[in-house]
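Derivation of every value follows stated rules applied to the coordinates shown; laboratory data play no part. For clarity, every value in this text was computed on a predicted model and none was experimentally measured. So basically every Cβ, Gly included, is an ideal-geometry build from the backbone, and we count neighbours across all protein chains shown.
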Amino acid sequence: VTDNDLQQHLAFMTSEAKRNAEVTLHHLNASERKGFEAAKHKELDKWVSHADFKVARSAGIPLSRIMPMRWVLTWKGAEGETKANARHVVKRVYRP
């Protein structure tokens, strides 16, 4: 086993653990979904207020200039006092 093999294995295990911690919306009840919608709005407000990106119309913009993104939804806090947490993250882009 090489160091590279070990690093790849640990990276997979870490990403798998994170993936298992993510929340799927269709498994939630209506009030929990509202909590995640509020968390998404809060996250987008942070992006806009910090000028992390510019809002652009999709018409006329080449797809190569648009970064694919996704939501990472998790529960935050200790048991009994959890709240919805949402992060908008850039997807990994594989380019050969």
What order, most packed first, do the peptides 70-83, 36-49 have when packing is the mean number of other Cβ atoms within 10 Å of each residue? 36-49, 70-83
Within straight-line cross-link reach of Lys46, aspartates and glutamates at Cα separation under 20 Å, skipping those fewer than 8 residues along the same chain: Glu37
Separation in nanometres of the label points that stand 7 Å from Cα toward Cβ, at Glu81 and Arg33: 2.9
